[in-house]
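Please read the structure below before turning to the comments.
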Amino acid sequence: MPRFTKQKQLLIGKVKDFSSFFTAEELYAKLDKKVGIATIYRFLGSLEKKADIHSYQCKNRKVYSLNKLNHVHFICEMCGHTEHLKLKRVDFIKEAVKSRVCHFQLDITGICENCINKNK
């Protein structure tokens, strides 16, 4: 059985402080350098392995979240602007997949309103 050290208690407390997505570097910054970055990566990896947190790709970086539902982006193909979207209903995805859906990441590409308006 793994030990539950003071360091792990500190890390868990700081992870719970995040209300949204966060990176290992953002967690590291909250710790006032009391824990090494390598330890943080190992800790996040162990939480991910146990499904206590989920990771997603966001702008070519790994982000973590306690929210286990989904991670959705709209990416403008003209200017590259990326926006996080919150989907209220995901029934269409769950219906399309015969297996049980735990969480998902979706990137939607198109042209943002600013670029549409610029090109009128």
Can you pull out every residue in segment 81-120 that is in a loop (DSSP other than H, G, I, E, B) and either in contact with a His (Cβ under 6 Å, 6 or more places away or on another chain) or touching a residue at least 60 places away in the same chain (Cβ under 8 Å) (or both)? 103, 112
Run residue 91 past the list (1) over 30 Å from residue 114 (Cβ atoms); (2) at pLDDT 90 or above; (3) in the same structural domain as residue 107 (by TED's automatic domain parsing) and report the number of the one that doesn't hold. (2)
Checking 42, 89 in turn, the sole residue that is more than 18 Å from the chain's Cα centre (by Cα) and either among the basic types (Lys, Arg) or under 19 Å from residue 10 (Cα atoms) (or both) turns out to be 89
Single condition residue 99 does not satisfy, out of (1) surrounded by 15 or more Cβ atoms within 10 Å (Cβ to Cβ); (2) over 30 Å from residue 118 (Cα atoms): (1)
Is it fair to say residue 48 is over 24 Å from residue 113 (Cα atoms) and either charged (D, E, K, R) or part of a strand (DSSP E or B) (or both)? yes
Pairs, first in a helix (DSSP H, G or I) and surrounded by 14 or more Cβ atoms within 10 Å (Cβ to Cβ) in segment 9-22, second charged (D, E, K, R) and at pLDDT below 85, C-beta under 9 Å, six or more apart: 10/34
For residue 60, work out the one condition from (1) within 21 Å of residue 12 (Cβ to Cβ); (2) free of Cβ contacts under 8 Å to residues at least 12 places away in the same chain it doesn't fulfil. (1)
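Restricting to segment 59-80, and then to whatever is surrounded by 15 or more Cβ atoms within 10 Å (Cβ to Cβ) and not in a strand (DSSP E or B), can you tell me which residue is modelled with the highest pLDDT? Please lay out each step first, then the result.
Taking segment 59-80 and keeping what is surrounded by 15 or more Cβ atoms within 10 Å (Cβ to Cβ), we get 63-67, 70-76.
Now restrict to residues that are not in a strand (DSSP E or B): 66-67.
Values: 66: 84, 67: 76.
Among those residues, the one meeting the criterion is 66.
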Candidate set from segment 20-59 (those that are β-branched (Val, Ile, Thr) and in contact with a helix residue (DSSP H, G or I) (Cβ under 9 Å, 6 or more places away or on another chain)); member that is nearest to residue 86 (Cα to Cα): 53
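The values are calculated or read from the model by the stated rules, or taken from the named source; none is laboratory data. Source: prediction; values computed, not measured. Cβ: placed from backbone, ideal geometry, glycine included. Neighbour counts: every protein chain shown.
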